[in-house]
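The values are calculated or read from the model by the stated rules, or taken from the named source; none is laboratory data. If you're wondering where the values come from, they're calculated on a predicted model, not measured in any experiment. As a convention, Cβ positions derive from the backbone with ideal geometry for all residues, glycine included, and neighbour counts pool all protein chains shown. For accessibility, only protein heavy atoms count, side chains too; no ligands or nucleic acids. Shrake-Rupley method; radii C 1.70, N 1.55, O 1.52, S 1.80 Å.
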Amino acid sequence: MVAIALFTCGINMGSVEMNLVAIHQLAEVSPSMIALSMSILGIMEITGALICGYFLDKYNKLMMMSLLYGIRIIGFAFLFMHLGSSPILFAIAFGITYLSALPGGMLVINEFAKGKGKHTGVLLLMHQAGGIVGALIGGLSFDYFGDYQNLIVVNVIICILVTLGYFGLFTTHRRNHRIQNKKVAVSEAL
């Protein structure tokens, strides 16, 4: 699940890094609004990394990662709609999650799978491969359809799947933890 999530993160980042300005330009967003939204994106990347890092330490990592990808869904939905405020709303929503999916995934794999260097290397490779795919999908979307709407839809769909995947892991882990605690309590009572 973490490898799929990081592949998805790579696709998201490749999509945004290679195509965001072009997406805004096709939506006839003014150059000043594009510049403002890019500045907000950069500020939110740093702010989000600090906020998400804090919450990843405080709360269940699987639930936090599910929430993180859920926020990305909202961001991409705003980007798809091309509202007047879409560049700002996308910059806030995506920016706050931008730098947190990769370290969050590494924390999950380390906590639940007793991650080793090999795990980290494979996960980083998946993330980079996703970045390549995201950039490629953006180019193909523009070449075949003349816009990036399909690219945005792909990002929404894969983020939904990852959100559900992390949430499924969260509920399964929580249920297994409760069952294990009941078994311990029963064995201690005997």
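Table for the structure above
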{"quantity": "Under-24-angstrom lysine pairs by C-alpha in the chain, whenever the two are 8 or more apart or on separate chains", "calculated": "7"}
{"quantity": "Taking N as its residue count, the alpha carbon Rg of the chain over 2.2 N^0.38 Å", "calculated": "1.15"}
{"quantity": "For the chain, accessible area per residue (1.4 Å probe, heavy atoms of protein chains only), Å²", "calculated": "53"}
{"quantity": "Radius, Kirkwood style, for segment 2-106 when every pair of distinct Cα atoms is counted (Å)", "calculated": "13.8"}
{"quantity": "Kirkwood Rh in Å, taken over all unlike Cα pairs in segment 68-160", "calculated": "14.6"}
{"quantity": "In segment 1-101, chymotrypsin sites (Phe, Trp or Tyr not before Pro) in a DSSP loop with at most 15 other beta-carbon atoms within 10 Å", "calculated": "59"}
{"quantity": "Most fluctuating residue given options 35, 135, 101, as computed from a GNM of the chain linking Cα atoms under 10 Å", "calculated": "35"}
{"quantity": "C-alpha long axis of helix 61-81 to longest principal axis of the chain, angle in °", "calculated": "20"}
{"quantity": "MRE, 222 nm, helices only [DSSP H, n ≥ 4, -39500 (n - 2.57), over the chain, to nearest 500]", "calculated": "-31500 deg cm²/dmol"}
{"quantity": "Two-site FRET efficiency, residue 118 against residue 178, from Cβ-Cβ distance with R₀ of 41 Å, rounded to 0.05", "calculated": "0.85"}
